[in-house]
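Scroll down for the structure; my scribbles are underneath it.
Each reported figure results from applying straightforward, stated rules to the coordinates on display, with no laboratory input. Source: prediction; values computed, not measured. So basically every Cβ, Gly included, is an ideal-geometry build from the backbone, and we count neighbours across all protein chains shown.
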Amino acid sequence: MKNLNSLLAGIFLAVAFPFGALVVSSQVQLGSLGPAPAEEGGPLFPSREPGLAIQGRAVYVSLGCVSCHTQQVRPAGQGSDIARGYGVRASVARDYVLQKPVLLGERRIGPDLANYGARTKDLAVVHTAIKHGGQFTFLYTGAKQEVASERAVALAAYLQSLRQDYSSPEAKLKK
Amino acid sequence: MTQENRSGRPQGRPPEGDSRLTRTESQLRGPFLLFFISSVIWLLAASVLGVIAALQQGSLAGGPFRDCEILTYGHVAAAQHNLFVYGWGFNAFFALNLWLLSQLGRFELRNGWLATLGGVFWNLALTYGVVLIFAGNQTGFALLEFPREVGPVLAVAFLLAGFWPIVAFARRPTGHTFASQWFVVAASFAFPLTYLLAQLLILWQPASGVVQAIAHSWFVSNLLHLWFGASALAAIYYFLPKVLGRTISAYYLAPVAFWSFVLFAGWTGPAALIGAPVPLWLQSVGVVAGAMLIIPVIITAINFHGTLSSEGGWSRAWNDTTLRFVTFGAVAFTVFGVLNAIFSFRGYNAVTRFTSFAAGQEQLLTYAFATMVLFGAAYFVLPRLTGSLWPSAKLVHVHFWSTALGAVASIVALLVGGWENGKQLADASVSFQQIAKSTTSWNTVLTVSAVLLLVGHIAFALNAFGMILKSSAPASAGRHD
C-alpha cells in the first residue's frame, strides 16, 4: 500500500471489474433484444410507440413523474404486484427495448404505471389522474381546468400507451 | 498533545501537527475556503428544498405549491438531491480530502489556482444544471438528472478540484502511509472513472433498454460508497486517534477493511434492482456483495469503537465538539452496514422495495454518517485555517442537537415508515388510498425533521461564516513564509 501505482491499480480494478461483469456483460446478454413475436409468425411486441406518446414520455421525464411512479411488475411471490392488478405477468427485459430513457423507477408513492394503458381506457379518467387533485393542473386551462394543453394531451397518450399485457418469448401468457 | 510521538510514531496514529498555521495549510487556505463556503451555501439551499419537498410529499395535491410548475415535486426532489450530493457532499469533501492529504503528506499546494478554477467550474456547472431541472430539463436518472452537456464540465472540474489528494499522495516525503490516505486516494480516483463511464452508457451512448438501469444502479452505489463512504471513513481514521491522542485499536486490520470495502462496494449496485426485469444472477451478485460488505463494517467497528472504548474515550468524545460529530458518524456507519447486509436479502427486500426504506438507508449513509463527520471535521480544521475561534458556543449546541435529532427522526421515519408501508403494499387487499392515509403521520415527522435540519444548518452557517469574516483580515495569526 506504500506504492501509489499498486494502490491505483487495485482501485482501478475494483471499479472496472464490476463494470465489465455487471454492465458490459448485460449489454452483451441483452443488447441484441428487439421486438419479437411470441409465436412463429405472430405480431411483434413491444410495438412501436406512436409519436405523440414519445412526446408524452418527454413530458413525463421533465416533470419528474418517475420520482413517485415505477413502471415494473415484479414476479408473483415478490410483493403483490400482480395481485394488485399492476400487470398480468412480470415485466421482462424485452418490454423496455424501445424505451428511451427506461423509466423503471425506484419509489411507489403512487401506483405502478407499467400497464396503466391496459387498465385505463377512458381518457377522462386519465386526465383526472394526471391532475392529482391540483399538483398538475398547470397542464390544463379553462375555468375549471377542463381544457388539456398540448403537453397534457401528449402525456395522456403516453400513459395510455403503457402496456405489457402481450405474450413475449420470455413471458408467455396462458390462453 | 504529547511530544514523544514526534519520532518513532506508532502506526495507527496520524502525525502530530504544529498548532500554528503551517506553510502547507496557508497555501491550502484559498481553495479550501472556496470549497467550504460553496458547500455550506448549497447545503442551505438543499435544506430549504428539503422542507418544500417534504411538504409536497405529504399532500398529493401538491401542498402549498399546488399548481406551481417550477416547484412541482419532481423538480424540487431532484434539485434537492443533486444539491445535497454534488453541492454539499462534493465541495465539502474536496476541501476536507485535500486538507487531510496535505497534512498527512506534508504537501505544498503550489498550483492552488488550478484547484480554485476547478471549484469555480464545478459550482457554475452545478448551478446551470439545477436551473435546467427547475426549467423542466432533466434526464430521469437519479443523480444523473442534469442534461448530458453538464456531465463533461463536471468531470473536468472534478479533475481540477478533486485530483490533488492523489498528487499529494504521490509526492509525500515518507514511505509510511496511513489508512486515511488510502481511502481518500480511492475516492478521488474511483469517482471520476465511475462518473465518466456512467455518463457514456446512460446519457451519451445509451445502452439498450434495462441495461441503462443496470449501469445506473452501479453508478449510484459507487457514488455513495466510494465517494461519500470512503471519504468519510478516511476522516474518521484521522480524527479519532488525532483528537483522542491514541492509536487506532487493531489498526493492523485497517488494510483488510480498506480492500474489502473497495472491492465489494462496486458489486452492490444491482441489489437496488431486486425483482426488476434484469437477469437474476445480477440481482444475486448485488445481494451477496451487500452481505460481504459486512466485513469492512465489522473491521471499522472494531477500529473505531475499540479506540473509543478504552480509557473513557466515549466521554471524551462527547465533550469534544469535533469528536462528538465524528463519533456520531462512526456509529451511523456501523448501523448502516448492518442494516444494509440484512435488508439486501430477497425476503426483506420484497417488503421494503419501492418504499422510503432505500431513501432511509441513503440518508443514514450520506447524512448521519458522512455529513456528521464533515461537520466534526469543520470544527477542527476551520479554526486552524482562519486563525480564529468559533464565535458562538450556543450555535454549536443548536447545530449538534438539531442535526442529530433531525437525522435520527428522518431516518426512523423513512425506515420504519417504509417498512410499514411495504407491509401494506404487500397485502393486495389494502387499497392505495388507505396506504396513503396511513403514511401521513410519517410525512409529518419528515417535515418536522426537515425543518430541524434546516435550523441546524443555519446555525452552522452563521457560526462558520462569522468566523471566516472575522479572520478575513490578511494578518491572520501564525502565518509564516
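Over all other residues within a Cβ to Cβ distance under 14 Å of B:F460, the charged ones net out to +2, with Lys and Arg as +1 and Asp and Glu as -1. Compared with the dominant principal axis of the Cα atoms in chain A, helix A:51-62 is inclined by about 70°.
If you place +1 on the Cβ of every Lys and Arg, -1 on the Cβ of every Asp and Glu, and leave all else neutral, what size is the dipole of region B:25-468 about its Cα centre, to the nearest 20 Debye? Don't skip to the end; give the middle numbers.
Working: 17 positive and 11 negative charges, 144 e Å.
Charge dipole, region B:25-468, about its Cα centre: 700 debye, nearest 20.
Per-residue shielding of A:81-88, expressed as the average number of other chain Cβ atoms within 10 Å of the residue Cβ, stands at 3. Remark: region A:167-172, residue by residue, has Karplus-estimated 3J(HN,Hα) of 7, 9, x, 8, 9, 7 Hz, where x stands for each Gly or Pro and the curve is 6.51 cos²θ - 1.76 cosθ + 1.60 at θ = phi - 60°.
Based on the mean of other beta carbon atoms within 10 Å per residue, what is the order of B:83-89, B:112-118, most packed first? Walk me through the numbers before you get to the answer.
Details: B:83-89: 24.3, B:112-118: 18.3.
Put in order of decreasing packing, that is B:83-89, B:112-118.
Listed peptides A:137-146, B:463-472, B:251-260 appear in the order B:251-260, B:463-472, A:137-146 once ranked by packing, highest mean of other Cβ atoms within 10 Å at the front. Think of it as helices only: each DSSP H run of n ≥ 4 in chain A is worth -39500 (n - 2.57), and spread over all residues that comes to -9500 deg cm²/dmol at 222 nm. Each part gets one Cα centre, and for region B:321-391 versus region B:167-206 those centres are 21 Å apart.
Between the Cα long axis of helix B:23-57 and the first principal axis of chain B there is an angle of about 20°, rounded to the nearest 10. Kirkwood hydrodynamic radius computed over region B:265-357 comes to 14.8 Å, based on all pairs of distinct alpha carbons. Per-residue ellipticity at 222 nm from helix content only, as computed over chain B with -39500 (n - 2.57) for each DSSP H run of at least four residues, stands at -22500 deg cm²/dmol. Average projection, convex hull of the Cα set of region A:38-161: 8.4 square nanometres.
Any idea what log10 I(q)/I(0) is at q = 0.06, 0.08, 0.11, 0.12 Å⁻¹ for the protein assembly as shown, Debye with uniform C-alpha scatterers and no solvent? The computed values of log10 I(q)/I(0) come out as -0.33, -0.59, -1.08, -1.27. Between A:V73 and A:S91, the built amide H atoms are under 5 Å apart, and every one of these is 5 or more places off in sequence or on another chain.
Looking at region B:63-165, the trypsin sites (Lys or Arg not before Pro) that sit in a DSSP loop and have at most 10 other Cβ atoms within 10 Å of their own Cβ are B:R110.
Counting, for every residue in B:424-437, the Cβ atoms of other protein chains within 10 Å of its Cβ and taking the mean gives 3.
What you get for the protein assembly as shown, charging only the Cβ of Lys and Arg (+1) and of Asp and Glu (-1), is a dipole of about 660 debye around the Cα centre. A Förster distance of 41 Å, applied to the separation of the beta-carbon atoms of B:V131 and B:A393, puts the FRET efficiency at 0.60.
When the Cα positions of B:Q56, B:A157, B:N123 are compared along the charge dipole of region B:42-197, B:A157 comes out farthest toward the positive end, with charges on each C-beta of Lys, Arg, Asp and Glu. Applied to region B:112-127, the Karplus parametrisation 6.51 cos²θ - 1.76 cosθ + 1.60 on θ = phi - 60° returns per-residue 3J(HN,Hα) values of x, 5, 5, 5, 4, 4, x, x, 5, 4, 3, 6, 5, 4, 5, 4 Hz, with x for Gly and Pro. Amide H contacts for A:A36 (H built 1.01 Å from N in the peptide plane; partners 5 or more residues away or on another chain; cut-off under 5 Å): A:F45.
Label point of A:N5 set 7 angstrom out along Cα-Cβ; within region B:177-200, amide nitrogens under 20 Å from it belong to B:177, B:182, B:185-186, B:189-190. Pairs of alpha carbons in region B:106-239 separated by more than 28 Å make up 24% of all such pairs.
Which of the peptides B:390-400, B:374-384 is most tightly packed, and how do the rest follow, going by the mean number of other Cβ atoms within 10 Å of each residue?
On the way: B:390-400: 16.9, B:374-384: 22.8.
Taking the mean over residues of other Cβ atoms within 10 Å, the ranking is B:374-384, B:390-400.
Distant-in-sequence amide contacts of A:S168, defined by a placed amide H-H separation under 5 Å and a gap of 5 or more residues or a different chain, comprise A:L173. Rounded to the nearest 10 degrees, what's the angle between the helix B:91-105 long axis and the longest principal axis of chain B, both from Cα atoms, 0 to 90? The answer is roughly 30 degrees.
Under the definition of partner shielding as Cβ atoms of other protein chains within 10 Å of a residue Cβ, what is the mean value for peptide B:67-76?
Average per residue, whole number: 6.
Residues in region B:269-275 carry Karplus couplings, in order, of x, x, 4, 7, 10, 5, x Hz; the curve used is 6.51 cos²θ - 1.76 cosθ + 1.60 with θ = phi - 60°, and Gly or Pro positions show x. Compared with the alpha-carbon gap, the fully stretched path from B:Q433 to B:S284 is longer by 50.3 nm at 0.36 nm per residue.
Computed extension length for B:L159-B:L124: 11.1 nm, one decimal, from 0.36 nm per residue of separation with the Cα-Cα distance subtracted.
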